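To start, the structure itself, in structure tokens.
No value in this document is a laboratory result; all are computed from the given coordinates. Bear in mind that the values here come from a model prediction, so they are computed numbers and not experimental data. Here the Cβ positions follow ideal geometry from the backbone for every residue, glycine too, while neighbour counts run over all protein chains shown.
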Amino acid sequence: MRIVVTGSIATDHLMTFPGRISEQLIAGKLDRISLSLLVDVLEVRDGGVAANIAYGLARLGHRPLLVGAVGADFHDYGGRLAGLGVDTSAVHVSATRHTARFLCTTDTDGRQLASFYTGAMAEASMIDLADVLRRHDGADLVLIGADDPSAMVRHTRACRTLGIPFAADPSQQLARLTGPEIRELVEGADHLFTNEYEHELLLSKTGWTRDDVLRRVSVWITTLGDKGSRIERADESPLDVPAVPADKVADPTGVGDAFRAGYLASLAAGADAEQCARMGSALATMALSAVGTQTYTPAPGRVRELLAAAYGRDTLPTADAPAEAGRG
Ligand SMILES: Nc1ncnc2c1ncn2[C@@H]1O[C@H](COP(=O)(O)OP(=O)(O)OP(=O)(O)O)[C@@H](O)[C@H]1O
Ligand SMILES: [Mg+2]
């Protein structure tokens, strides 16, 4: 099963200021603010939802096609993803802009000053998905993740026109998208992914009821943090899947993306929605235990151990079906 993952590709530059940012602000002089914080730690982390999901799929033995827009500075990051098995040949490289970047300085009290530079992501709407798929042997499923809003709408339309199943995963862009845009992204989706808050935000912005949404998608998966996930389909009772307990919570960033990677990898292996959600939960827990969003290593043995401990040995997929069946 050929999975195409579209969405943001970005890097996070996380700095630590060994003091209080608030103590550097002078009341009465803020209209002339000119402040440089001398920071003593800089961590650069690779991220972006599409890259995170593609990373997880590649680590499970798949060869996802990554579709998004970056700058020339993506060279090393892209090389690392390619080395792990992500097909980066369809990534659009901007001639003028840098890869999207989140710059954040955190002080000793956890107070933050941050900026998000959209950069090359603004060019994602220039990507013609139909053309990309023609040049890359088509797709069995396209995930449309958070990206430049017009790119998300454009990719969704391309899937609908070509009759290719797609997974709608608007996540953080729900805050930015209008009701009509969200309706367009969801209509006819094979899968819809949200977290608990996005579930409600989607209903409020579209004006649709839960049943209205379920009439338009085959399955709606909502992640509920440490409470696990919920699978909803029209005319069926919701199915709750518990989370895989985490021994260690190192960094919650990117757990949702790891969940999607695990879910889609199992889907490619022919698993049902419950098994897919279990695999998603196992991967999410692994991501939760590692600092960064592309740092966990889902060794097959460890994944099976986590699944067996959380859901019982009798629920395990036979052999290492998810990785093997998805190759190619
Ligand atoms: N504390 C936790 N313990 C175990 N599993 C967790 C925990 N938090 C999250 N998870 C797993 O991760 C999945 C996704 O979590 P969540 O619903 O918080 O996603 P999210 O809000 O989209 O996160 P993000 O956008 O930061 O990646 C959950 O369904 C669950 O399987
Ligand atoms: Mg999320």
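Listing for the model above:
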read-out	value
Against the rule of thumb 2.2 N^0.38 Å, how large the Cα Rg of the chain comes out	1.01
If the convex hull is drawn through the Cα atoms of the range 217-328, its volume per residue in Å³	105
Spatial separation of Cα centroids for the range 42-75 and the range 1-39, in angstrom	22
Residues W220, W208 arranged by fewest to most Cβ contacts within 10 Å	W208, W220
Cα convex hull of the range 81-212, projected area averaged across orientations, nm²	10.7
Amide H within-cut-off set for L141, under 5 Å, with H built and near neighbours excluded	R2, V4
Note, ³J(HN,Hα) from phi for the range 63-72, Karplus 6.51, -1.76, 1.60, rounded to Hz, x at Gly and Pro	10, x, 9, 8, 10, x, 10, 9, x, 4
Angle in degrees between helix 196-206 and the longest Cα principal axis of the chain, rounded to the nearest 10	90
Residue-span extension gain [C104 to L35] - 0.36 nm each, minus C-alpha spacing	23.4 nm
Partner lysines for K248 [C-alpha distance under 27 Å; skip if fewer than 8 residues away on the same chain]	K227
Karplus 3J(HN,Hα) series, Hz, for the range 3-18 with 6.51 cos²θ - 1.76 cosθ + 1.60 (x for Gly, Pro)	9, 10, 10, 10, x, 6, 10, 8, 10, 9, 10, 10, 10, 10, 9, x
HN-Hα J in Hz across the range 178-183 - Karplus 6.51, -1.76, 1.60, θ = phi - 60°, x for Gly and Pro	7, x, x, 5, 5, 4
Kirkwood-Stokes translational diffusion coefficient of the range 138-273, alpha-carbon pairs, 10 °C, 1.306 mPa s, µm²/s	103
Angle in degrees between helix 49-59 and the longest Cα principal axis of the chain, rounded to the nearest 10	50
Within-13-Å neighbourhood charge of G47 [Cβ basis; K, R +1; D, E -1]	-2
Potential lengthening between V249 and A82 on full extension [0.36 nm per residue; Cα-Cα distance subtracted]	57.3 nm
